[in-house]
Amino acid sequence: MTITITAFERSPDGGKGLARDTRVRWALEEVGQSYEVRLVSFQAMKEPAHMALHPFGQIPTYEEGHLALFETGSIVFHLAERHAGLLPVDADARARAITWMFAAVNTVEPPILDLVTVKILEGDKPWSKERLPLVQDRVRGRLKQLSVRLGSAEWLDGEFSAGDLMMVSVLLRSRPSGLLDEYSNLAAYVARGEARPAYQRAFAAQLAINTRTPQPDGHPR
Ligand SMILES: N[C@@H](CCC(=O)N[C@@H](CS)C(=O)NCC(=O)O)C(=O)O
């Protein structure tokens, strides 16, 4: 059955792979599923056709036959449940890997997103400079805890899993701030994730789209 995901027609990060379609592409590559991509503009994301797929008017979405999903955690979980390679067979190890998926999106990603918000969306506000160190310290707090838990392990709990895929994807968003590099074991953990052939393919696919040359009609080809 054809799998179709949505991605930005032109990602604001210019192809750094930080838009969330990259983690879905990565999961698809890890489990060996081919997929198609429908590119959407910021305007199209807020129109009824896309809002029917994604109630919050965002990317990525995931369509497979009659099934339509949104939320990257849910999409990656769906793929990990139906295909081998992203979740351990042992029930307890599987439950722990799923726990790390939730930890990534629910505990680690929020302070990192806050940092992006304060720097980019709120950068022109008079209180932004005062708020930045507070937000940075909250990110550091989380990264430190995660760094202690990871220690010298290769992955968070045994073999690479969907928990690592989500965590590495979330941590990548903290790298432009410089904070990730303050925790050398986390920086190395992220680099291990990026070195996986499946990640490389996912990254290259989004880069190809985001570095296309704009055409006279304004749309990249
Ligand atoms: N929690 C959602 C977040 C989705 C999200 O924020 N997507 C961003 C792109 S990475 C987006 O569409 N932003 C545009 C907007 O919100 O208008 C998920 O993990 O899928």
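The table for this structure:
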item	result
Residue match in the range 19-29 (condition: closer than 25 Å to Asp164 by Cβ, more than 13 Å from the ligand (Cβ to nearest atom) and among the polar types (S, T, N, Q))	no
Criterion violated by Leu156 - all others in (1) in contact (Cβ under 8 Å) with a residue 12 or more places away in the chain; (2) surrounded by fewer than 21 Cβ atoms within 10 Å (Cβ to Cβ) satisfied	(2)
Any hit, the range 49-62, residues being in contact with a Leu (Cβ under 7 Å, 6 or more places away or on another chain) and either within 20 Å of Ser169 (Cβ to Cβ) or not assigned by TED's automatic domain parsing to the domain that holds Gly163 (or both)	yes
Check on Leu146, in contact with a Ser or Thr (Cβ under 7 Å, 6 or more places away or on another chain) and in contact (Cβ under 8 Å) with a residue 40 or more places away in the chain	no
Scan of the range 64-73 for residues that are more than 7 Å from the ligand (Cβ to nearest atom) and under 24 Å from Glu109 (Cβ atoms), ordered by number	Ala68, Leu69
Cβ pairs under 8 Å, 6+ apart, first in the range 185-197 and closer than 12 Å to Gly151 by Cα, second modelled with pLDDT of 95 or more and polar (S, T, N, Q)	Asn185/Ser147; Asn185/Ser152; Leu186/Ser147
Matching residues, the range 74-87, being of a type outside the set (A, V, I, L, M), touching a helix residue (DSSP H, G or I) at 6+ places or on another chain (Cβ under 7 Å) and near the ligand (Cβ under 9 Å from one of its atoms)	none
Residue count, the range 69-114 (criterion: under 26 Å from Arg175 (Cβ atoms) and part of a helix (DSSP H, G or I))	27
Residue pairs meeting the criteria (Cβ under 8 Å; at least 6 apart or on separate chains; first not assigned by TED's automatic domain parsing to the domain that holds Arg23, in the range 101-124; second β-branched (Val, Ile, Thr) and within 12 Å of the ligand (Cβ to nearest atom))	Met101/Val76; Ala104/Val170; Val105/Thr72; Val105/Val170; Val108/Val170; Glu109/Val170; Ile112/Val170
Yes/no for Glu122 being in contact with a strand residue (DSSP E or B) (Cβ under 7 Å, 6 or more places away or on another chain) and away from the ligand (no atom under 14 Å from the Cβ)	no
Options Ala91, Ala97, Ala103, Ala68: the member that is farther than 30 Å from Leu39 by Cα, among the aliphatic types (A, V, I, L, M) and surrounded by fewer than 20 Cβ atoms within 10 Å (Cβ to Cβ)	Ala91
Enumeration of residues in the range 167-192 that are of a type in the set (A, V, I, L, M, F, W, C) and within 19 Å of Val105 (Cβ to Cβ)	Met167, Val168, Val170, Leu171, Leu172, Leu179, Leu180, Leu186, Val190
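For every residue, the table says whether it meets (1) β-branched (Val, Ile, Thr); (2) over 26 Å from Met101 (Cα atoms); (3) out of contact with any Ser or Thr (no Cβ under 8 Å at 6 or more places or on another chain).
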position	(1), (2), (3)
Val37	yes, no, no
His54	no, no, no
Leu67	no, no, yes
Phe70	no, no, no
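The values are calculated or read from the model by the stated rules, or taken from the named source; none is laboratory data. Predicted model only: the values in this text are computed from it and were never measured. Neighbour counts run over all protein chains shown; Cβ positions are idealised from the backbone, glycine included.
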